[in-house]
Structures are given as C-alpha cells and as structure tokens.
Amino acid sequence: MSPQKPLSRVVEAMPPSGIRKFFDLAQTMTGVITLGVGEPDFPTPWGVRESAIHALTRGATTYTGNSGLLELRELICADLEARHGLTYRPADECLVTSGVSEGLDLALRALLNPGDEVIVPEPSYVAYQPCVAFAGGVPVPVPADPAQGYRLDAERIAAAVTPRTKAVLFGSPSNPTGAAQSAEDLTALAALAAREDFWLVSDEIYDRLTYTGTHTSTAAVEGAWERTVLLNGFSKSYAMTGWRVGYVCAPEPVAALMHRIHQYTMLCAPHVSQVAAIEALKSADPDVTEMVADYDRRRRLFVKGLDELGLTCPEPGGAFYAFPSIRSSGLSSQDFAEQLLEEQKVAVVPGDVFGPSGEGHVRCSYATALPLLEQALERMGRFLEARR
Amino acid sequence: MHEILTVLESDARATPERIAALTGIPEDEVRAAIAGWEADGVIRRYKTVVDRDRLGDTRVTAFVDVTVAPERGRGFDDVAERIARFREIRAVHLVSGAQDLRVEVEGSSMKEVADFVAQKLSGVDRVTATSTHFLLRRYKDDGQLLIDPEPDQRLSVMP
C-alpha cells in the first residue's frame, strides 16, 4: 500500500513557479532568442575562476566554519563599509550563505512565528511569497504603481500594516521591474518600520548594477540598521550564479538565529566558492565596471527599442530587466509570452508570475548579447505588426 | 564622451545613430565628437581584427628585440623612426629591459623575414644586436580572444 498520510499541506498548497511552464516549452525549440534568463550572459571573470582552480589544487575541498571563511567575512564587511557606510562585525553580524536564496530562507525562518504577516511589494521576485509561507508566515502582497516607477510608497505599505506585520520584504534594484529605490522612499519606509515595529528584509543582490544613480542600501538610511536584514551575494554583480555564494548581515540577535538554522541545515557555503568570492572582492571590481558599462549600453538601446514598439516601461534604474507594458497588444501576459515564443521564437517571462499586479507586462532580460537583443526587437516588431 | 570611443573600439562600423542609442549621447554630439577626434588624430583609422589562422593566411610574423646605441641629444627617436618606415615592420615599441626596441616584422615566409632582419634591420645605423622570435600561434589579439568562446550554458528561462 502506498503512503496515505498527506504530504506537507503548506507546500502542496503552493503552486509551482509559473516560469517552469515557459522553460519546458522553450526547451523543446531551437533558434530561440531568450530574454528570459535571470543571470548574466558573461562568464565569471577569469581571474576568479583561476583562483578557484588553484584553491582546488591546494585542497579547498573541505567544510569551512559555519559562518564562512573569516577572510571573506572581513572583506564583505569592509566592502559594505566602503560602498554604503555600513558597519557590521565580521565575527557575529555576517554569515556566508549558499546564495541569497538561502539567506532569504534563513531570514524568514529566524524572524517569523506562525501567522506573522510579511508585506511583499509587487511585482516581486518569484521566491519571496513562497518562502514566507514555507517559514510559517503569511505573505501580504501590496501592488506598486508602474506610473510611479514601482517606487516603494510608505503610504501604500502603511495601509497594509496590521498588528501581525513582522516585516517588509523587497528587492532593490528589483527583479523583475529594474526599479531602484531612492534614499527618500527608503527613509520613509524605515520611519514606518520604527513606528509600527517591523523588520526590513532587503535583497540587494543587484546593488552594483545601477545606471541612473548610486545604490542606497536600506540599512544605511536613518533608523534602519537595527531592524534590517541585508541579503546580498556574488551571483549577479560578479557573474557567479552557479557558485552559490552570498551573505546575510544583520544585528547580532537575529544573525545568531540565522546562524543556528544554517549550521543545522547547510553547514557552510561551498568552500571553493568562498575562495572565489574572496578573489572577486579583491580583484574583480574592474570586471564589474566593464560589465555594468556593457549592460548600460544594452539597456539604453533595448528600452528605446521597446518604446518605439509601443511597449513602454518606466526607465529601469538597476538590475538587468525591463518590465514593459504589453497592454497595447491587447493580449494577456501569458498569451503574449506564449505566442511570441511560438511565432517568433523570443522567450520573455509573463509578468503575472511575479504577482497579479504584473499582469499586462512581460519581463525581458537585457543580459543578452547586443546583436541578439537587436534581433529580438525586430522579431517583437514583426509579432506586433501581425496584430495591428 | 569616452563612451563613444569604447563603442567604436569594439565595433568600428557602429553608426552615429547606433552609438547615440547605446550611450544616450545625442546623435549630433556623437557626430561632432568623432569628427573632432578624426581631425586631431585621436582616431587614427578604423580597423578590422582578422583571425589570420582561421583565414588560412600563411604570412609569418616575428617579434624582434633590437639593441640600439642611442644618439646624443636624440636618444632612440631617430633609429626608431628609421626602422618604423620599413614596409615590413608592423609595430615599433621602445621598451624597458635588456633590449631597447621591440618590433613586429611580417613577411610571406620565414626566409623573407629572416632576410629582412639579417640584411636590412640589423644594418640600420646604431643597431648593435637583434634577437628574433617567430610567432607560432595567436590566442588573443588586440584584446580579442581568438580561441573558441565558451558555450552559453544558461537555461533558457530562469527566475
């Protein structure tokens, strides 16, 4: 007899990622230009890879301490100090994780009691709301306004606050909208957090990929440090997605709880990846600068091209995504993405997978070689032309 | 403004319109900047990077280290200029180290390059010694990798 008792109800109730369906469809086709990928098209800078190869030859094949290599934590804290004026102690306020994905899970599990609410501004990264639910919390989506460039509006958030509100969870710059939050809006949010006593879980994985201004770190605005969990990593800035290495920084009491979960579940981030991350922080900033300059050129060309097709979007200030409105096509975002893939072999991600407020939009990644971006624009033009 | 040059260095055929779209600098300013640089000699010419091995080109290149007795008051300039004027010479650089000039020589065969070095280059006034290194294979030229690019291993749709 097969097992009869129900599997996890929380997990079973969670629909699988809407991205999956698209992935399966795109996999069956050839000649697809994909704007659907949430990772850099650059390989990891060679100096970083070389250091990892060398580290393997010297035996960097073991566990490290739970918190991660001390040299890496010291470099991370020095980097946050230098770029954002943030002060974290490497010893007990910084933890090396297997990417932001793990850090997100740790933060939510450390913060939440069953039934605690977490406000998630939408459209949001696909993992935020499921991770809240897996940690026993209740995600409370709050749509952001495209007409205001998806800015974090403290007033909208305040309207969703209840006595059970434990945290606001957001990414800046944002996947999928590319919106980078301003110091003013973050300051207003921090003031609300202090007044209502909730945490800010701030995913800043795209912090080096900004184009229209400099990044403001949430913990750096007045009154935010003591109630912020900062999530960051190496995947996007340094083109190191497959290494699975990131970090969380937070005040000691919450960092200690995250450490406790991490030591029982993950033990440590991959040793060789930590060595690579050390090299990235020491020597790869010029590579990052070159990649950012390249993304910026593609961003300008692509956003202008979308605009000429009538697919308008607020100027994305960071990350490598444009999130144009496709309402002029008269199609739903699922239909748009599916038909575009089938007819013109261009893969984009339908906006509703990032929450209901993403309906009417698609996410396009411009982490794609320039000639391919231009071809994709041409194909999208033909697609729209056929519908006029 | 250097953004314009960055684009042109990777694609000499980029039109002012395209450069404007990539950099956000208005097209007329792009045209004016390029015209200015062409007039000032900042932009020397527009070139194409050719992978000669892939083309099947059998021309031979050698790097020759040249030792020079410098001239009073003129240093290496006169000798370097005399060497640079030979059609066979592709590049001349004054370098630090044991030798003085590092020059690049090109010819249709090894013999032709060898004859040039033996009869012409080493015979230039004040050249006291040469050391020739034939190029065997190019892996990277002008910042351009000539080895096969790594395959894109990314999945086609990812969050």
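Read the figures in this text as sums done on the coordinates, not as results from a lab. Just so you know, these numbers come straight off a predicted model, no measurement behind them. As a convention, Cβ positions derive from the backbone with ideal geometry for all residues, glycine included, and neighbour counts pool all protein chains shown.
If one computes P(r) from the Cα atoms of the range B:53-137, what percent of pairs lie at distances over 14 Å? The proportion of pairs with Cα distances above 14 Å equals 61 percent. Among A:Thr214, A:Thr64, A:Thr28, the residue with the largest mean-square fluctuation in a Gaussian network model of chain A, with springs joining Cα atoms closer than 10 Å, is A:Thr28. Each of A:Ala13, A:Ser182, A:Gly233 was scored by the projection of its Cα onto the charge dipole of chain A, and the greatest displacement toward the positive side belongs to A:Ala13; charges sit on the C-beta of Lys, Arg, Asp and Glu. Of the residues B:Thr48, A:Thr368, the one with the fewest other Cβ atoms within 10 Å heads the list, and the complete ranking is B:Thr48, A:Thr368. Between A:Val10 and A:Thr30, the contour length at 0.36 nm per residue exceeds the alpha carbon distance by 3.5 nm. Size of the range A:34-118: Rg and Dmax of its alpha carbons, in Å, are 16.7, 49.
Other residues lying with their Cβ under 13 Å from the Cβ of A:Ala269 contribute a combined charge of +1, Lys and Arg counting +1, Asp and Glu -1.
Defining a contact as two alpha carbons under 8 Å apart and six or more residues distant in sequence, what relative contact order in percent does chain B show?
Relative contact order, chain B: 22 percent.
Computed from the C-beta positions of A:Tyr264 and B:Leu145 and an R0 of 45 Å, the FRET efficiency is 0.50 to the nearest 0.05.
Convex hull volume of the Cα atoms in the protein assembly as shown, per residue, in Å³?
Here the figure is 222 Å³ per residue.
Taking every lysine pair in chain A that is 8 or more places apart or spans two chains, those with Cα atoms closer than 28 Å amount to 6.
Within the listed set A:Val48, A:Val32, A:Val168, the residue fluctuating most in the Gaussian network model of chain A (springs between alpha-carbon atoms under 10 angstrom) is A:Val32.
Beta bridges per DSSP, both residues in the protein assembly as shown: antiparallel share near 65 percent. What does the charge add up to near A:Gly31, with Lys and Arg as +1, Asp and Glu as -1, over the other residues with Cβ less than 11 Å from its Cβ? Net of charged neighbours comes to +2. Between the C-alpha center of the range A:281-323 and that of the range B:100-138 there is a gap of 47 Å. Nearest 10 degrees, 0 to 90: what angle lies between the long axis of helix B:27-40 and the longest principal axis of chain B (Cα atoms)? Result, in degrees: 10.
Just flag the trypsin sites (Lys or Arg not before Pro) in the range B:10-113 sitting in loop per DSSP whose Cβ has no more than 15 other Cβ atoms within 10 Å. Spell out each step's value before the answer.
Numbers: sites: B:Arg13, B:Arg18, B:Arg31, B:Arg44, B:Arg45, B:Lys47, B:Arg52, B:Arg54, B:Arg59, B:Arg72, B:Arg74, B:Arg82, B:Arg85, B:Arg87, B:Arg90, B:Arg102, B:Lys111; in loops: B:Arg13, B:Arg44, B:Arg45, B:Lys47, B:Arg59, B:Arg72, B:Arg74, B:Arg85, B:Arg87.
Taking the range B:10-113 and a limit of 15 other Cβ atoms within 10 Å, the loop trypsin sites (Lys or Arg not before Pro) found are B:Arg13, B:Arg44, B:Arg45, B:Lys47, B:Arg59, B:Arg72, B:Arg74, B:Arg85, B:Arg87.
Radius of gyration over Kirkwood radius for the range A:239-373, both on Cα atoms: the Rg/Rh ratio is 1.09.
Give me the percent of DSSP beta bridges within the range A:46-283 that run antiparallel, rounded to the nearest 5. Roughly 30 percent of the DSSP beta bridges within the range A:46-283 come out antiparallel.
Comparing A:Thr30, A:Thr62, A:Thr97 in a Gaussian network model of chain A (Cα springs below 10 Å), the most mobile by mean-square fluctuation is A:Thr30. Among the chymotrypsin sites (Phe, Trp or Tyr not before Pro) in the range B:11-81, those placed in a DSSP loop whose Cβ has at most 15 other Cβ atoms within 10 Å are B:Tyr46. When A:Met266, A:Met1 are arranged by Cβ crowding within 10 Å, least crowded first, meaning fewest neighbours, the order is A:Met1, A:Met266.
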